[in-house]
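Worksheet: the structure to be examined is printed underneath.
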Amino acid sequence: MNRSSPSRLAPFFFLFFGLMPFLQVAYRAHGAVNARAWPEAPGVVFQTGVQSTSSTPAWHYPDVRCRYEVDGRMYHNLCYRESGGINGRLALDNTAYLARESALRRTAGYQVGQRVRVRYPPGRPEEGILEPGVWFLEAGTYIWLGLGLVSVVLGLHGWFTIGKSGKDSKPKTSCSV
């Protein structure tokens, strides 16, 4: 019977889970680049602030709301930044902040009454965003990719180590008479 021991499966798990961050970033980067070609509508910022969770510790998210018109219909939305969408939700900033002041700094570039260009996916103008494009220059993404890289390296090391140890060789037995 040919069984795979946990030590032989571990490299595959490391490789699989290590590749996940790279695939996720590639998918999100593709969406961010595509968002730069979306249609635009003129808009006006009508609210800025921070949304905070009630958990401990609290997480703070930048919040910018815009008013804009597409094909004669007016939208009053949280204007999102393209972050690739997780569970269908886009966010102004895909980073949650532990310090409320950090989230406020993120919204500082938007003032109530400011005129903005709102981009939206074709056929879905209710999903307007202010900052399409390169979201992945944020530190959290590099940490995520770094963890993925470490996992891939560990997986490759394990894979080659198992290969060198003679995984298909027969165990040595000793005969005593």
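With exposed (fewer than 14 other Cβ atoms within 10 Å of the Cβ), at pLDDT 80 or above and under 18 Å from the mean Cα position of the chain (by Cα) as the only criterion, which of GLY113, GLY146 stands out?
The match here is GLY146.
Is the stretch 85-98 home to any residue that is modelled with pLDDT of 85 or more and touching a strand residue (DSSP E or B) at 6+ places or on another chain (Cβ under 7 Å)?
no
Would you please name the residue that is farthest from THR161 (Cα to Cα), looking only at residues in the stretch 25-47 that are in a helix (DSSP H, G or I) and without any contact (Cβ under 8 Å) to a residue 12 or more places away in the chain?
Taking the candidates together, the pick is ASN34.
Name the residues in the stretch 26-49 that are crowded, with 19+ Cβ neighbours inside 10 Å and within 28 Å of LEU147 (Cβ to Cβ), would you?
ARG28, ALA32, ALA35, listed by residue number.
What about VAL50, is it touching a Leu at 6+ places or on another chain (Cβ under 9 Å) and either assigned to a strand (DSSP E or B) or at pLDDT 85 or above (or both)?
yes
The values are calculated or read from the model by the stated rules, or taken from the named source; none is laboratory data. Owing to the predicted nature of the structure, the values given are computational and were not obtained by experimental measurement. When we count neighbours, we look across all protein chains shown, and the Cβ atoms used for this are built from the backbone with ideal geometry, even at glycine.
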